[in-house]
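In what follows, a structure is listed as structure tokens, so that the remarks can point back to it.
Each reported figure results from applying straightforward, stated rules to the coordinates on display, with no laboratory input. Since the structure is predicted, the reported quantities are computational estimates derived from the model, not experimental observations. For neighbour counting, all protein chains shown are included, and Cβ atoms are generated from backbone atoms with ideal geometry for every residue, glycine included.
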Amino acid sequence: MSKFAIAGIQMHVTTQNNIAEMRKRLALLMHLYPWVEMVCFSELAAHGPALPSAQAAGGDFDQAFADMARQHRIWLQPGSYFERRNGRIYNAAPVFNPAGEEVARYDKMFPFTPYEEGVTAGTAPCVFDVPGVGRIGLSICYDIWFPELTRTLASMGAEVLINPVNAAFVDRHADLACARASAAMFQMYVFHINGLLAGGNGYSQVIDPAGRLLHDGNVQEEMIPLEVDFAEARRQRERGILNMGQPLKSFRDSPARFPIYEDGYRSDYLDSLGPLQKAQRLR
């Protein structure tokens, strides 16, 4: 069976504990759309961009997420939260199966430095399998700007990308362009789910493996239930986007080598751009 129903929830987020509100939105979604099999929220939906809210894995948040997954018998990707681990803080995105078991946990590899201060970057790409259906990859917000990560997930077999975001800056249009480009470049469904208020400025999108918008969101709370077809993603990869370009196979078969990806490579030009810090006044 290649078809699978996934829903994104774009909701108001505060810098307080939002677990009760997540429960309410999830209960309403499952009442309206009982055919949904997986639900995903936005980045930091549980507590907003509040670093002091960080907690240990397996704590109250994870217990609540596991309970939601069990109660509704769904796969749950509850966005992300700040997690304390070994004296550091990570922006972590867990996944729970319908039995309430954690099956994956991804640490954001590209924190939005210098704005996401105090967060340690993860180092491992993450995919997980829905038995009998297909493989799903995870990235978080700013990660979508780095095609190296998404190409890696595609090469690991992910045909759907869950990308929770907390985005409200003036470059939001570029976020959306990156999400749509990622779907087309790597022939995968992309669920680019934003929050509202402290959780972002909305405009969540879902894109198909040919780069076509399946959902183009607004700035209100919304539920986005859609059925995806893993077989369609594989077909686009095997035959090409609309039976045309086959970029994954072209990359696989290319004799080209890119020095910038070699260990120890340094670029005088990149070094000349200066430190990674907030832009300052020109005068």
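General observations
- Distance (nanometres) between label positions extended 7 Å along Cα→Cβ at D271 and A124: 3.3
- Residue among A92, A121, A256 with the largest mean-square fluctuation in a Gaussian network model of the chain, springs linking Cα atoms under 10 Å: A256
- Viscosity 0.890 mPa s, 25 °C: Kirkwood-radius Stokes-Einstein D of the range 1-116 over Cα pairs, µm²/s: 170
- Relative packing of 189-195, 70-76, which averages over residues the other C-beta atoms within 10 Å, highest first: 189-195, 70-76
- Using the Cβ of R239 as centre and a radius below 13 Å, the other residues enclosed give a net charge of +2, where K and R count +1 and D and E count -1.
- Pairs of Lys residues in the chain that lie 8 or more places apart, or on two chains, and have C-alpha atoms under 30 angstrom apart add up to 6.
- Formal net charge of residues neighbouring A92 (Cβ-Cβ distance under 14 Å; K, R +1; D, E -1): -2
- Shape of the range 197-283, Cα gyration tensor, a/c cut at 1.5: oblate
- From least to most packed, judged by other beta carbons within 10 angstrom and beginning with the fewest, Y142, Y115 follow the order Y115, Y142.
- The range 8-69: C-alpha gyration tensor shape, a/c 1.5 cut-off, then a/b vs b/c: prolate
- Rounded to the nearest 20, the size of the Cβ-charge dipole of the chain about its Cα centre is 260 debye, with Lys and Arg at +1 and Asp and Glu at -1.
- Globularity index of the range 72-162, i.e. its alpha-carbon radius of gyration over 2.2 N^0.38 Å: 1.10
- Among H47, H31, H215, the ranking by other beta carbons within 10 Å of each residue's beta carbon, starting with the fewest, stands as H31, H215, H47.
- For the chain, a/c is not less than 1.5, where a ≥ b ≥ c are the root eigenvalues of the C-alpha gyration tensor, and a/b does not top b/c. That puts it in the oblate class.
- Ranking Q205, L248, G87 by Cα position along the charge dipole of the range 3-272, where only Lys, Arg, Asp and Glu carry charges on their C-beta atoms, puts L248 farthest toward the positive end.
- P(r) tail fraction, the range 176-243 - alpha-carbon pairs more than 13 Å apart, %: 61
- Highest-MSF residue in the chain out of P164, P125, P78 [GNM, Cα springs under 10 Å]: P125
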